[in-house]
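Everything on this sheet refers to the single structure shown next.
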Amino acid sequence: MIYVVIGFLWLSICLYVILGGADFGAGIVELMTRKKNRPKTQVIMYESIAPVWEANHMWLIIAVVILFVGFPEIYTTLSTYLHIPLVLMLIGIIARGTSFTFRHYDAVKDEWQKVYTQIFYFSSLLTPFFLGLIAAATISRSIQPDADNFLDLYIFSWLNWFGAAVGLFTISICAYLASIFALRETCDRMELKLMIRKSKQTMVFVVITGILVFVTSYISGIPLVMWVFSKPLGIMATTFATICLFLILRSMHTGKLLAVRALAGFQVIMILVAATYQHNPNIILFGNGQHLSLLEHLAAPKTITALGWALMLGSVFILPFLFYLMVSFSKQRRQLKETAKPETPIKP
């Protein structure tokens, strides 16, 4: 049953990175757009994330619950040494959701709309950055449980060059996913051309920040290159992710936009596999050489069994209705597009 629990943990993390990442990326893409094109980009981004934006954080909640119930020592360690970036990330999630709601559904349209928009932009930018910092801290051996001062215990455990690089890479992944997912929400060729251009720009950003991650890992003495390329699985995952890049470009220009979404999601999964497979099931690596493992530091067997059954039964109710929600929104958007009048195209 432990492997069922770990499987659900991995699935929830992957879905949060893909769907939640696209959600955060919507604000990033809008922020990176020229002011004259922002109103149209805002509409496209809203159409893209509308079906799932309220449900995205469900995957984060599931991951947190799995850690809390099934791996209490790992949960306690994360919430102790990384409590500062965790709190900042949670504040960003709350600020982003609140600003998004008021920006779109506020009954009064006034100057506060500008405030909501700015909060939406920067919370969309900073939240994935802190998520990247947290992820980097778990594998970089920067957590020093034997440290005797506040800075080494609670600041430098996550605030370092490698963490910053992973944070920027996470931002780029989010923007990339958002621009890719938004391609199907365009209404005319000019809008599609604009979003293809955005997708290519974010692709370049992903490659640049990815290289930066490897450079900072080498400077920090983190064997990331060895982790990724020392075994066939890592080489295969990296190869598949690279091939997907070319397939996505090809599918963009042939109009196979659903395939573009599927390829982008698969590409992100391959990146996660390449970055994490080598040290799994060790989920936290400490600076003193110790580690916390999903197979060694787990709850009592009865707790794991109960958690596994709860996750399997819960998925029977959650996943079908989530799929129905996405299909319903997609059907509604298609009907609106068919009845809507054509709009004046914009210049990319």
* Structure fact -> Tilt, helix 257-276 to longest principal axis of the chain (alpha-carbon atoms), in degrees rounded to tens, equals 20 degrees
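Beyond a 20 Å Cα-Cα separation, which of these cross-linked pairs lie in this structure: 109/193; 40/109; 198/256? All intermediate terms of the calculation are to be shown ahead of the outcome.
Details: 109/193 31 Å; 40/109 18 Å; 198/256 17 Å.
In this structure, 109/193 lie more than 20 Å apart at Cα.
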* To do: Give, as a single signed number, the net charge of other residues whose beta carbon lies under 15 Å from the beta carbon of residue 244, with Lys and Arg counted +1 and Asp and Glu -1.
  => +4
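Using a 1.4 Å probe, what is the accessible area per residue for the chain, in Å²?
Per residue, the chain has an accessible area of 51 Å².
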* Where does the charge balance sit around residue 174 when Lys and Arg score +1, Asp and Glu -1, over other residues with C-beta under 14 Å from its C-beta? -> 0
* Please arrange 226, 203 by accessible surface area, largest first, computed with a 1.4 Å probe and ligands excluded. => 226, 203
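Which whole number in µm²/s is D for the chain by Stokes-Einstein, with the Kirkwood Rh taken over Cα pairs at 25 °C and 0.890 mPa s?
Values: Rh = 21.3 Å.
For these conditions, the coefficient is 115 µm²/s.
With a 1.4 Å probe and all protein chains left in place, how much of the accessible area of region 1-156 comes from carbon and sulfur atoms, in whole percent?
Numbers: 5050 of 7100 Å².
Answer for region 1-156 is 71 percent, counting heavy atoms of protein chains only.
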* Indicate the gyration tensor shape class of region 45-97 (rounded, prolate or oblate), computed on the Cα atoms with a ≥ b ≥ c the square roots of the eigenvalues: a/c under 1.5 is rounded; otherwise a/b larger than b/c is prolate and the rest oblate. => oblate
* Roughly how much of residue 220 is accessible, in Å² to the nearest 10, using a 1.4 Å probe? -> 60 Å²
* Roughly how many Å² of residue 47 are accessible to a 1.4 Å probe, to the nearest 10? -> 50 Å²
* To do: Kindly write out, for region 181-190 in residue order, the coupling ³J(HN,Hα) from the Karplus curve 6.51 cos²θ - 1.76 cosθ + 1.60 (θ = phi - 60°), rounded to whole Hz, with x marking Gly and Pro.
  => 5, 6, 4, 6, 9, 6, 9, 8, 5, 5
* Report, by chain and number, residues whose modeled amide H sits under 5 Å from the one on residue 159, excluding near sequence neighbours (fewer than 5 apart, same chain). => none
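The values are calculated or read from the model by the stated rules, or taken from the named source; none is laboratory data. Note that the structure is predicted; figures quoted are calculated from it, not measured. Neighbour counts run over all protein chains shown; Cβ positions are idealised from the backbone, glycine included. These accessible areas exclude ligands, DNA and RNA; they are computed on the full protein's heavy atoms, side chains included. Shrake-Rupley method; radii C 1.70, N 1.55, O 1.52, S 1.80 Å.
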